[in-house]
Amino acid sequence: MKRAVVVLVAACAAGAVQAADLLDIYRDATSSDTRFASARMALEAGREKYPQARAALLPTLSLTGSSTYTNLDASLAAVREYGYNTNVVTLQLTQPLFRPQSWIALKQGELQVSLAEAQYAAAQMDLIQRSTQAYFDLLNAQDALNTVSQLKTAASEQLQLSKKSFEVGTVTVTDVNDAQAQYDLASAQEIAARNDVNVKREALRVLINKEPPELARLRQGVTLALPQPADAEQWAQAAGKDNPDVQAQEINREIAAREVQRSRAAHLPTVDAVGSLSRTHSTASTSSQSESLSRNWQVGVQATLPLFAGGGTQSKVRESLALSEKAKDDAETVRRTAAQLARQSYLGVTSGVAQVKGYEAAVASTTSSLESNKLGYQVGVKINKDVLDAQSKLADASQKLAKARYDTILAQVKLKQAVGVLSLKDLEEINALLDH
C-alpha cells in the first residue's frame, strides 16, 4: 500500500514538472491575451454593422402621445372662461420606398462585416506568430545563459589554473591578468544573459497572464525544410493578394468608394409610405362643456427633395473623394509592405536553413576538437587551457545552432503569415519538433 502511494506521489510530481509545449502556450494565450480578446470583441461589434444598415430600409413604427391643457378667456356677448384638457395618441408607420443613400449604406454594412472578419483572421495569425516568437525567444535566452554560464565556469577554472601556475613560476602575471579579464567578461555577460531571460519570461507572462512554465525544447537533429515554391517573387505576389491586412485594406478602399456614392446620393429625393392612426380625447371645447372623443387614420406617400443644405452636401462629396484616394494609397502601401515582408521572411528561411547546416558542421568539428584536446591533455601534449577553449567553442557553436533553428522556424511562421495561410496546423507541425 505504501509503495502504491509512493508511486502515485512520484507520478503526480512528474506530471507537475512536465514541460509545456507550444500548443499549451497558444491555448493559454487565446484565453488570456488582451489584444486577441479585443480583436474578438471588435469582430462581434463589426458584425452588427449590417443589421444597423438594413434597419434604414425596413419599416419603422412609432407611438407618440401628448396631453395639453388649454385656458381661454372670451369677451364677446358675455364674459366666459373655458379650461379643458386634450389628450392625443398617434401610432405612425413609415416604410421607405426610395432611399438611395440607405441602399448604398446597406452594401457598406456588408463590407464592414467582411472587414471585421478579415481583421479577426489577421489577429488569429498574429497571435500564433506572437506565441511562437515569445516561446522561442525564451528558449533562446535560456540557451544563451547556459552557454555564458559554461564559459564562465571554463574561465573560472582557467583563472584558478593560472594562479597556481603563477605561484610555481610557470606563467607570468600577464597570463593571470588575461585569465582574470576573461572571467570578469564572462561574469558580466552572465548578468546580461540572466536579465535577458527575465525579460523574455516577462514577455511570455504578459501573453499568457501567468508564470511561464518550463518549456519543451527542440529535439536534437531537427531538420528544417526550404520553402516551396522556391521562388521569393511567387511568395511576394501571394502576399500582395492574400495577406489579411491587404484584404482588409482592399475592403476599406471599397467602403470609401461607396461613401463617395452615398455622399452624392444626398442630392436625390427620398420617398416613404406613411400611415398613421390617431386618437384624440378632449374634456371640453370652446363650444361645449362636454367631453369629445375622435379617431382618424391617414395613409399617404411622402417625398422629400433636398434643395440646399448650406454647401454641406458638396463639402461631404469632396471629403469622401479625398478619403477614397487616401484609401487607395493606403491599400498600395499595405500591399507593398506585405510583399516586402514575404521576401524578407523567404530569405530568412533559406539563409536560416543554410546557417543550420553550417553550425551543425561547426558543432561536429568542435566536438572532434574537444575530444582531441582531451586526449592530448591525457598524454601531456595539450594543456588544460586548450581543453577549456575547446569546450567554450563547442558551447558557443551549440548555442548558435539552436538560435539558427529558432530563427528559421520564426521566419517560416512569418512567411506563412505574410501570405495569409498561417493556421493552427502549422503550429501543430512546429509542436511536433519539440522534445515532449
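The values are calculated or read from the model by the stated rules, or taken from the named source; none is laboratory data. Quick caveat, the model's predicted, so the values are computed rather than measured. Note: ideal-geometry Cβ built from the backbone for every residue, glycine included; neighbour counts use all protein chains shown.
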Check 385, 393 and return the single one that is in a helix (DSSP H, G or I) and either among the β-branched types (Val, Ile, Thr) or at pLDDT 85 or above (or both).
393
Of the conditions (1) of a type in the set (Gly, Ala, Ser); (2) under 25 Å from residue 136 (Cα atoms); (3) in a helix (DSSP H, G or I), residue 372 satisfies every one except a single condition; which number is it?
(2)
Does any residue of the stretch 361-369 turn out to be closer than 30 Å to residue 119 by Cα, assigned by TED's automatic domain parsing to the domain that holds residue 157 and in contact with a Ser or Thr (Cβ under 7 Å, 6 or more places away or on another chain)?
no
Among (1) in contact with a helix residue (DSSP H, G or I) (Cβ under 6 Å, 6 or more places away or on another chain); (2) within 23 Å of residue 410 (Cβ to Cβ), there is one condition residue 192 misses while meeting the rest; what is its number?
(1)
What single numbered condition from (1) buried (at least 19 other Cβ atoms within 10 Å of the Cβ); (2) more than 29 Å from residue 183 (Cα to Cα) fails to hold for residue 428?
(1)
If you go through the stretch 208-217 one residue at a time, do you hit one that is polar (S, T, N, Q) and without any contact (Cβ under 8 Å) to a residue 60 or more places away in the chain?
no
Looking across the stretch 221-237 at residues that are of a type in the set (A, V, I, L, M, F, W, C) and within 11 Å of residue 343 (Cα to Cα), the single one that is farthest from the chain's Cα centre (by Cα) is 232
Members of the stretch 306-317 that are assigned to a helix (DSSP H, G or I) and surrounded by fewer than 12 Cβ atoms within 10 Å (Cβ to Cβ)
312
Selected residue (criterion: surrounded by the most Cβ atoms within 10 Å (Cβ to Cβ)) from residues of the stretch 339-377 that are within 23 Å of residue 225 (Cβ to Cβ) and of a type in the set (Lys, Arg):
343
Residue under evaluation residue 94, criteria (1) touching a residue at least 60 places away in the same chain (Cβ under 8 Å); (2) not in a strand (DSSP E or B); (3) not aromatic (Phe, Trp, Tyr), criterion not met:
(2)
For the stretch 20-50, give me the residue count where each residue is among the acidic types (Asp, Glu) and over 24 Å from residue 105 (Cα atoms).
4
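Table: residues versus (1) surrounded by fewer than 18 Cβ atoms within 10 Å (Cβ to Cβ); (2) under 30 Å from residue 201 (Cα atoms).
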{"residue": "91", "(1), (2)": "yes, no"}
{"residue": "96", "(1), (2)": "yes, no"}
{"residue": "100", "(1), (2)": "yes, no"}
{"residue": "104", "(1), (2)": "no, no"}
{"residue": "107", "(1), (2)": "yes, no"}
{"residue": "118", "(1), (2)": "no, no"}
{"residue": "125", "(1), (2)": "no, yes"}
{"residue": "138", "(1), (2)": "no, yes"}
Taking the condition modelled with pLDDT under 95, of a type outside the set (S, T, N, Q) and either under 21 Å from the mean Cα position of the chain (by Cα) or exposed (fewer than 14 other Cβ atoms within 10 Å of the Cβ) (or both), does residue 203 pass?
no
Which condition breaks for residue 259 when tested against (1) surrounded by 18 or more Cβ atoms within 10 Å (Cβ to Cβ); (2) under 30 Å from residue 347 (Cα atoms)?
(2)
